[in-house]
Amino acid sequence: MRAALEIAGATAFSAALYWVCSRVQRALRASLLHPLLLAVLAGGILFALLPPAWLDAYLRGTAPMVWLLGPATAALALPFFRRRAVLVAHPRAAFLAVAAGCASTVLVVWGVGEAIRLPRPLLLAASLKSVTLPVALGLAELVRTQPGVTTVCVFTSGLVGSAIGPGLLDWARVRSPVARGLALGTLSHAIGTARALEEDPLAGAAGVVALTLSALLMAAGAIALSVLGT
Amino acid sequence: MTLLRTGLQLVALGALFALCRWAVVRAGLPLPAGLLALVLLMTLLLLRLLPERAVGSGADALLRILPLLFLPPGIGIVRELHLVRGHGGGLALVLVASLVAGQLVAGVVAQAMVRREPR
């Protein structure tokens, strides 16, 4: 009985909070204020002020929502399947760009992170930032880092990447829509892909392919890391 | 009718994930069950063993509510603030530097490869 109440309460609270935040974002018309960002901030501040038992009850009650992330991860197969033509047309560009983008971003995370002595869980979470969130959360568990920090890192990569990415790519004279979509999708997953889609339908399709390949490649890396047991 | 079909497809996707989770736990596989379900579904679609319309509308429904599902782990950061405390600036630096590097490298490599492709 209590579990059912917790589930109903936590689910209703999440849905209401998200709905209010999407209305606020629409009213303010600010793309950086993503509804999820607003909702995490508002919910986080609220639960930080309330007694810890409230957050415990909320997290227990959201277990069904968290379970749904599993089937939702599987559902990512569909957008990829629908846009596989981009991969068929540009296989080398897609594979090499995604591999180079993932490798360079992880190298910079560990190079800079070790230099400034960032703790290991933060380095692991920062390494997962380019992975689409449902997959990243599964990988966070695998490499033993925290889901909350991982969520914030992934989200930062999406929001900041879609804000500065197009300007950065202009500066580097990356003009082909396919190349722009690949770069935005590899590092900024769904949010970057939405931004690429605003530029060009082909860029959006390349973004979907890149975010899927990037997730699979990073997953292979994380699985290798966990098997090697470091 | 559409609603019923979407509902059945949602159940099918849930069952696929539950099956993958069972297999992962049973065999002690070092990979997230959701990822296994994703790879399996992709393989079934690419090999034409499963038509797109058999799971399409259910998958779209799940992906529409996906941002909402991120709320619990996001709010859960309240429990992890002790990890970030004192490292906020460093984490931000690492995130932005690695993001810029990754996007530039991916973009430049992709542009170079696209240019070399025969038209």
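Only the coordinates and a few stated rules stand behind these numbers; no lab work does. This one's a predicted model, so the numbers in the text were calculated from it and none came from an experiment. With ideal geometry, Cβ positions are generated from the backbone for all residues, glycine too; neighbour counts draw on all protein chains shown.
Taking Cα centroids, how far is the range A:176-212 from the range A:1-60 in Å?
Taking the Cα centre of each part, the range A:176-212 and the range A:1-60 sit 29 Å apart.
If you place +1 on the Cβ of every Lys and Arg, -1 on the Cβ of every Asp and Glu, and leave all else neutral, what size is the dipole of chain A about its Cα centre, to the nearest 20 Debye?
With only Lys, Arg, Asp and Glu charged at Cβ, the dipole is about 260 debye.
Would you mind giving the mean number of other chain beta-carbons within 10 Å of the Cβ of each residue in B:15-22, as a whole number?
Partner-chain Cβ atoms within 10 Å, mean over residues of B:15-22: 3.
Over the range B:1-69, calculate the relative contact order: mean separation of alpha carbon pairs under 8 Å at least 6 apart, over the residue count, as a percent.
46 percent
Taking R0 as 45 Å, what FRET efficiency do you get between A:A163 and B:A27 from their Cβ-Cβ distance, rounded to the nearest 0.05?
0.60
Wrap a convex hull around the Cα atoms of chain B, take a quarter of its surface area, and give that in square nanometres.
With every direction weighted equally, the projected area is 12.6 nm².
R0 = 30 Å: FRET efficiency of B:H82 with A:W67, Cβ-based, nearest 0.05?
For B:H82 and A:W67, the calculated efficiency is 0.65.
Ranked from highest to lowest mean number of other Cβ atoms within 10 Å per residue, what is the order of the peptides A:47-56, A:141-150, A:80-89?
Listed from highest to lowest mean packing, they are A:141-150, A:80-89, A:47-56.
What does the structure give for A:179-189 when I average, per residue, the other chain Cβ atoms found within 10 Å of the residue Cβ?
That average works out to 5.
Relative to the present Cα-Cα distance, how much length would full extension add between A:A115 and A:A8 at 0.36 nm per residue of separation?
Net length gain for the segment: 33.9 nm.
Expressed as a rounded percentage, what relative contact order does the range A:2-68 have, with Cα pairs under 8 Å and six or more residues apart?
54 percent
Return one number: the angle in degrees, 0 to 90 and rounded to the nearest 10, between the long axis of the Cα atoms of helix A:201-228 and the longest principal axis of the Cα atoms of chain A.
It is inclined by approximately 70 degrees.
Could you tell me how many degrees, from 0 to 90 and to the nearest 10, lie between the Cα long axis of helix A:35-49 and the main elongation axis, the longest principal axis, of the Cα atoms of chain A?
40 degrees
Across peptide B:84-91, what mean number of C-beta atoms from other chains lies inside 10 Å of a residue's C-beta?
5
Hey, can you list the DSSP H helices of chain B whose Cα span along the axis is 24 Å or longer and whose average Kyte-Doolittle score is at least 0.0?
For chain B, where a helix must reach 24 Å along its axis and average at least 0.0, the hits are B:2-27, B:88-116.
Test of the criteria: in the range B:1-77, which trypsin sites (Lys or Arg not before Pro) are in a DSSP loop and have at most 15 other Cβ atoms within 10 angstrom of their Cβ?
Counting only loop positions with at most 15 other Cβ atoms within 10 Å, the trypsin sites (Lys or Arg not before Pro) in the range B:1-77 are B:R48.
Considering only A:L184, A:A39, A:A12, whose Cα is most displaced toward the positive end of the charge dipole of chain A, charges sitting on Cβ of Lys, Arg (+1) and Asp, Glu (-1)?
Of the candidates, A:L184 comes out farthest on the positive side.
For helix A:147-171, what angle does its Cα long axis make with the longest principal axis of chain A, in degrees from 0 to 90 and rounded to 10?
The angle comes out at about 30 degrees.
Output the peptides A:18-24, B:99-105 sorted from most to least packed, where packing is the average of other Cβ atoms within 10 Å over each peptide's residues.
B:99-105, A:18-24
How many nm is it between the label spots at A:W171 and B:L47, if each spot is 7 Å from the Cα in line with the beta carbon?
Taking the two extended label points, one gets 4.7 nm.
Taking only C-alpha pairs under 8 Å that are 6+ residues apart, what is the relative contact order of chain A in percent?
Relative CO of chain A lands at 19 percent.
Let me see the pair-distance distribution of the protein assembly as shown: every alpha carbon pair, 20 Å bin width, integer percents in order.
Per 20 Å bin, starting at 0, the Cα pair percentages come out as 31, 61, 8, 0.
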